[in-house]
1. In Å, the Kirkwood hydrodynamic radius of the stretch 101-179 over pairs of distinct alpha carbons?
2. Counting other Cβ atoms within 10 Å of each Cβ, which trypsin sites (Lys or Arg not before Pro) in the stretch 145-179 have at most 16 and sit in a DSSP loop?
3. Please rank I174, I160, fewest neighbouring Cβ atoms within 10 Å first, as an exposure proxy.
4. Around I136, with a cut-off of 12 angstrom between Cβ atoms, what is the net charge of the other residues, counting Lys and Arg +1 and Asp and Glu -1?
5. In what order do S120, S150, S48 fall by count of nearby beta-carbon atoms within 10 Å, going from fewest to most?
6. Report, by chain and number, residues whose modeled amide H sits under 5 Å from the one on F123, excluding near sequence neighbours (fewer than 5 apart, same chain).
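Values in this text are rule-based calculations from the coordinates and carry no lab data. This one's a predicted model, so the numbers in the text were calculated from it and none came from an experiment. Positions of Cβ are generated from backbone atoms using ideal geometry, with glycine treated the same way; all protein chains shown enter the neighbour counts.
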Amino acid sequence: MFAEPAEAPPPAPASAAAKPRKPAAEGDAALLALIDRFAAILDKSDLSELEIEIGGTGLTLRKPEAVAPQVVVAAGAAAAPGSPGAAPAATEAASAPPAGRPSVKAPLTGIWYGSPSPGSTPFVEVGGDVAVGQVIGLIEAMKLFNEIKSDLAGRVVRVIAEPGKLVKAKQPLIEVVPL
């Protein structure tokens with residue numbers, strides 16, 4: 001008795017074999033949007049840290065007070081805001097923007113750069129004027145540098161974002177007084 005060779009299965013149709021993939025930029029934008037949603041959930045909660053793990057990928061978000069070193073001030077001692085002995089709440093209150101002052105906010109989460117390259121002239125400076133549509137800085141997200149343009153016109157009174165530091169979506173970058 002002879003066994004007949006098994007037949008190979010028919011090839012899969014092209015439409016089933018190769019599914020179209022989303023471009024990387026769409027996936028990156030969706031990932032950043034998801035991270036922003038998790039950050040908003042963390043901000044609204046009493047939690048100081050949120051840890052998420054999906055498959056082999058993990059993400060940990062912490063509120064600034066969970067990361068900042070805790071400084072103990074002796075009872076009855078007063079420390080100047082911003083000094084090493086100052087309480088974190090006093091330092092945050094000193095750096096908080098005044099209520100009602102217009103500011104240009106970050107459209108996405110990423111690393112902030114106030115100049116086109118290290119050591120070069122910043123896009124905007126305190127005391128300088130800014131126009132609607134003028135580039136005020138760059139935010140690096142997913143290895144892409146995004147130009148951030150002002151949606152306000154006026155005089156820059158304060159640059160809030162620090163170069164090379166993480167900024168979150170909707171975080172104020174610069175404060176502007178309308179002219």
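1. Details: mean 1/r = 0.0818 Å⁻¹.
Radius from the Kirkwood sum: 12.2 Å.
2. Answer by residue number: K165, K168, K170.
3. Lowest count first: I160, I174.
4. Spelling it out: positives minus negatives among the neighbours equals -3.
5. Neighbour counts put them in this order, fewest first: S120, S48, S150.
6. Long-range HN contacts for F123: S115.
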